Amino acid sequence: MIDISAHRLGEAEQQLRTEVREFLAKERATEAFEPRCDAWMSSPDPAFSRRLGDRGWLGMTLPRRYGGHDRSPLERFVVVEELLAAGAPVAAHWIADRQMAPSILRHGTEEQRLRYLPGIARGECFFAIGMSEPDAGSDLAAVRTRAREVADGWELTGTKLWTTGAHFAHAMVVLARTDGTPEDRHTGLSQFVVDLPHPGIQVRPIVTIDGEHHFNEVVFDRAVIPGGALLGERGAGWSQVMAELADERSGPERFLSTAPLLAAWVAETRDAGADPVTTREIGRLTAQAWALRQLSLAVAAELARGRSPDVPAALVKDLGSSFEGEVVETVRRLAQVEPRRGAGGLAGLLAEGVLHSPAFTLRGGASEVLRSVVARGLGVR
């Protein structure tokens, strides 16, 4: 395991934090955005993403030769943390910047790196991930989408479900079976970078309980893609996906999705005067958030050293998702406000938190799956 108290941010990171806060204050002053809960999932704003790209705050850890900025994972952590705490509209670029850029850098061909990475760093190339399927959600090894080698490249057939942002993505990374059968589990899976839109691919909206469209069903109807679309090695898809999950599960988005709600509640109780129970609960939630932040920061430090801390990353995701839901329930129980969709301030943020919280413990891996990862990592049987 890792020492969560071992790393402290330095002067350069603190200066960067100040710059990001000043930028966000100006954006808010011009009403460029209103804070939202779960903004990294539900608030796409391509223009905002481009402004971040102009400032060098996307593709931060990528090499300069691919349009990046050669900055550290810890500097990226600071930027991401501030954006999430502000509830900024980062959903358009989120998947591309968080995990597809590192994956393409690690596993992609030089042609793929030059084609996609500069656009990601500019905030102009957005990605979706094709993993979950109707019969393979948390059990990712059971995917049935098939990639068959043909004269023109690869032919994809199958269905992906709960694909976030596929309706505005320029490309998606698809996990498909190239060899064997679903019973072979972890062998015979490969990844492909698929450009969108595509005549053989249908993107069908899934409207959630809040009436919004974040998710999609993506159907591949014998869609032919170039041979150069293969990402990494044929048959190495499972190990590549597992490497990506450290990036996906360990970031501050796993405990800061409801940070704008918590901040709004704290501000309201400060103005109105908090009773002892409310004061205690605010202190408890703040302490939990700080502990989760230290764990997430330690994982970022491990990634900066070139390691793959999959067990601590699973811990961040499991504990963080539970914490986010606890924030919603605590505010709902104690705040003197009714959740109202479309309302400003605390009432609107609470409504968003209530409607989004059922997904917190599912996306990125169900809690039961994450706990099995942690148990295996600790040698528990």
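Considering only residues that are within 28 Å of the chain's Cα centre (by Cα) and either assigned to a strand (DSSP E or B) or not charged (D, E, K, R) (or both), which ones fall in the stretch 144-153? Selection gives 145, 146, 147. Checking 149, 133 one by one, the residue that is under 18 Å from residue 232 (Cα atoms) and not polar (S, T, N, Q) is 149 and no other.
When we screen 128, 136, 166 for residues that are under 20 Å from the mean Cα position of the chain (by Cα) and more than 16 Å from residue 241 (Cα to Cα), the only hit is 166. For the stretch 134-178, the set of residues classified as acidic (Asp, Glu) and out of contact with any strand residue (DSSP E or B) (no Cβ under 6 Å at 6 or more places or on another chain) consists of 135, 139, 149, listed by residue number.
Scanning the stretch 287-325 for residues that are in contact with a Leu (Cβ under 7 Å, 6 or more places away or on another chain) and among the acidic types (Asp, Glu) yields 310, 318.
Would you confirm, using the coordinates I've provided, whether residue 299 is of a type in the set (Val, Ile, Thr) and within 22 Å of residue 99 (Cα to Cα)? It is true that residue 299 is of a type in the set (Val, Ile, Thr) and within 22 Å of residue 99 (Cα to Cα).
With respect to the conditions (1) surrounded by 14 or more Cβ atoms within 10 Å (Cβ to Cβ); (2) assigned to a helix (DSSP H, G or I), residue 176 lacks only one, and its number is (2). Summed over the stretch 270-310, residues that are among the β-branched types (Val, Ile, Thr) and either closer than 21 Å to residue 257 by Cβ or buried (at least 18 other Cβ atoms within 10 Å of the Cβ) (or both) total 4.
On the given criteria, is residue 210 in contact (Cβ under 8 Å) with a residue 60 or more places away in the chain and in a loop (DSSP other than H, G, I, E, B)? The answer is yes for residue 210. The number of residues in the stretch 193-202 that are under 20 Å from residue 135 (Cβ atoms) and surrounded by 17 or more Cβ atoms within 10 Å (Cβ to Cβ) comes to 1. Do we have any residue at all in the stretch 47-58 that's outside the structural domain of residue 186 (by TED's automatic domain parsing), assigned to a helix (DSSP H, G or I), closer than 20 Å to residue 197 by Cα and of a type in the set (Phe, Trp, Tyr)? Checked against the condition, which is being outside the structural domain of residue 186 (by TED's automatic domain parsing), assigned to a helix (DSSP H, G or I), closer than 20 Å to residue 197 by Cα and of a type in the set (Phe, Trp, Tyr), the stretch 47-58 yields no hits at all. Scoring residue 112 on the criteria (1) in contact with a helix residue (DSSP H, G or I) (Cβ under 7 Å, 6 or more places away or on another chain); (2) not assigned by TED's automatic domain parsing to the domain that holds residue 57; (3) not basic (Lys, Arg) leaves a single failure, condition (2).
Considering only residues that are aromatic (Phe, Trp, Tyr) and surrounded by 23 or more Cβ atoms within 10 Å (Cβ to Cβ), which ones fall in the stretch 59-105? Matches in the stretch 59-105: 77, 94.
Is there any pair linking a residue in the stretch 143-155 that is assigned by TED's automatic domain parsing to the domain that holds residue 230 and under 14 Å from residue 221 (Cα atoms) to one that is of a type in the set (Lys, Arg) and part of a strand (DSSP E or B), with Cβ under 6 Å and at least six apart or on different chains, and which? The qualifying pairs are 146/177; 155/148; 155/222. Any residue at all in the stretch 218-235 that is closer than 28 Å to residue 303 by Cβ, at pLDDT 95 or above and assigned to a strand (DSSP E or B)? For the stretch 218-235, residues closer than 28 Å to residue 303 by Cβ, at pLDDT 95 or above and assigned to a strand (DSSP E or B): present. Within the stretch 72-111, being at pLDDT 95 or above and part of a loop (DSSP other than H, G, I, E, B) holds for 86, 87, 88, 89, 90, 108, 109. With respect to the conditions (1) part of a helix (DSSP H, G or I); (2) modelled with pLDDT of 95 or more, residue 203 lacks only one, and its number is (1).
Give 273, 353, 377 a once-over and let me know the one that is under 25 Å from the mean Cα position of the chain (by Cα) and at pLDDT below 85. Of 273, 353, 377, the one residue that is under 25 Å from the mean Cα position of the chain (by Cα) and at pLDDT below 85 is 377.
The values are calculated or read from the model by the stated rules, or taken from the named source; none is laboratory data. Predicted model only: the values in this text are computed from it and were never measured. As a convention, Cβ positions derive from the backbone with ideal geometry for all residues, glycine included, and neighbour counts pool all protein chains shown.
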